[in-house]
Amino acid sequence: MSALSDNLVTFAILAYLVAMIGHAVEYALGNVRARVAVAAPVRELVGAGGGVVPMPPAPVPSSPTADRSARRARLAGLIGVGATAVAAALHLAALVTRGLAADRMPWGNMYEFVLTVTFIGVAAWLVVLWKRPSLRKLGLFLTLVMVLLVATAELVLYVPIVPLVPALNSYWFVIHVSTIVFASGIFLLGVVPAVGFLMRNGYEQGKRSFPYTLAKRLPGAVGLERLTFALHAFAFPIFTFAVIAGAIWAEAAWGRPWGWDPKETWAFISWVVYAGYLHARATPSVKRNVATWIAVLGFLTMLMNLFGVNIFFTGLHSYGGLD
């Protein structure tokens with residue numbers, strides 16, 4: 001089962017790569033639109049009073065080349081979505097087989113944690129896409145994140161299956177870690193439209209330098225900002241519960257609910273930053289781009305908690321599995 005899980009992760013990475021290429025093709029061709037042009041001199045009508053009333057220009061049917069490019073762009077986008085769904089199925093199968101091989105939930109080290117968080121993120125993306133197909137072009141950035149994180153997990157963070165350390169053998173392992181994983185996956189998805197909004201908002205304000213030009217074909221800034229807020233508002237209460245559950249578990253396991261362990265400290269930092277984002281978003285005087293930058297900062301603190309704490313610090317939560 002362990003070898004099967006490893007192979008499924010490899011196939012999932014390849015499927016995410018195919019999805020990214022499909023979305024990239026759609027992104028490159030997606031600006032082709034049927035253009036309205038003047039086919040003949042503007043006609044005029046003579047009114048009853050002798051006045052001249054101009055007629056609107058006659059539209060010219062879009063060229064076959066433009067229609068063909070638009071169809072190809074749509075097909076590439078649909079292939080990207082289909083490949084993402086296939087990758088998500090392979091991703092889930094890899095987690096299930098890993099859990100069966102380990103005879104536990106597959107959240108015991110950094111490798112398994114990253115695999116689970118990324119799966120939650122892509123599963124949530126497919127739900128969002130089902131509800132709002134107009135956001136499909138965000139798939140390029142989402143699949144790019146998936147390729148980078150899942151490949152990093154496979155190539156850098158991979159460790160063989162080992163039993164859980166004694167401190168993790170508790171029913172709180174399921175309660176605390178499952179909620180942390182779920183909230184982290186939603187925050188992972190939430191940072192994609194957040195960055196998209198920052199670029200698109202700048203583009204709509206007339207900025208034409210890099211990276212704002214990347215947002216030329218993204219959905220409108222207002223919709224991206226609302227999606228960012230909705231995802232973070234959904235994930236934050238779950239993350240809050242996860243932190244509280246962790247404190248209860250710490251009381252049972254170590255005799256104290258909070259000890260400013262490095263991971264506890266960074267979890268608190270993340271909680272404060274995300275709370276700051278929601279507060280800023282609800283404050284009319286705070287600009288939307290300022291609030292969104294706080295959300296991006298929150299995700300950076302999550303990455304620090306996941307990678308930096310496990311790699312550079314030693315504490316009671318050092319379960320990364322890396323040497």
> Of all the residues that make up the range 213-249, how many are farther than 23 Å from V273 by Cα and buried (at least 18 other Cβ atoms within 10 Å of the Cβ)?
Replying inline: 4
>> Let me confirm something: among T240, T228, which residue is within 19 Å of L303 (Cα to Cα), of a type in the set (S, T, N, Q) and more than 18 Å from the chain's Cα centre (by Cα)?
In response: T240
>> Restricting to the range 272-301, count the residues that are open to solvent by 80 Å² or more (accessible area, probe 1.4 Å) and polar (S, T, N, Q).
In response: 1
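Matching residues to (1) farther than 17 Å from A19 by Cβ; (2) in contact with a helix residue (DSSP H, G or I) (Cβ under 6 Å, 6 or more places away or on another chain); (3) outside any helix (DSSP H, G or I); (4) open to solvent by less than 30 Å² (accessible area, probe 1.4 Å):
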{"position": "L149", "(1), (2), (3), (4)": "no, yes, no, no"}
{"position": "E154", "(1), (2), (3), (4)": "no, yes, no, no"}
{"position": "P160", "(1), (2), (3), (4)": "yes, no, yes, no"}
{"position": "P163", "(1), (2), (3), (4)": "yes, no, yes, no"}
{"position": "W172", "(1), (2), (3), (4)": "yes, yes, no, no"}
> Can you tell me which residue in the range 124-147 is surrounded by the fewest Cβ atoms within 10 Å (Cβ to Cβ), limited to those that are of a type in the set (K, R) and assigned to a helix (DSSP H, G or I)?
Replying inline: K131
> Out of the range 79-118, which residues are modelled with pLDDT of 90 or more, open to solvent by 20 Å² or more (accessible area, probe 1.4 Å) and closer than 23 Å to I186 by Cα?
Replying inline: V81, G82, A85, V86, A89, L90, L92, A93, V96, F113
> Among L164, L148, L140, L157, which is more than 15 Å from the chain's Cα centre (by Cα) and closer than 30 Å to G82 by Cα?
Replying inline: L157
>> Name the residue that is most open to solvent (accessible area, probe 1.4 Å), counting only residues in the range 251-263 that are without any contact (Cβ under 8 Å) to a residue 24 or more places away in the chain and closer than 23 Å to M304 by Cβ.
In response: W260
> Under 7 Å by Cβ, and 6 or more places apart or on different chains, what pairs join a residue from the range 82-93 that is more than 12 Å from M146 (Cβ to Cβ) with one that is surrounded by 17 or more Cβ atoms within 10 Å (Cβ to Cβ) and at pLDDT 95 or above?
Replying inline: V86/A15; L92/F119; A93/L8
> Just to be sure, is Y203 over 15 Å from L227 (Cα atoms) and open to solvent by 40 Å² or more (accessible area, probe 1.4 Å)?
Replying inline: no
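The values are calculated or read from the model by the stated rules, or taken from the named source; none is laboratory data. Quick caveat: nothing in here was measured; it's all calculated off a predicted structure. All Cβ positions, even for glycine, are placed from backbone atoms using ideal geometry, and neighbour counts span all protein chains on display. These area figures cover heavy atoms from the full protein model, side chains too; ligands, DNA and RNA do not enter into them. Shrake-Rupley method; radii C 1.70, N 1.55, O 1.52, S 1.80 Å.
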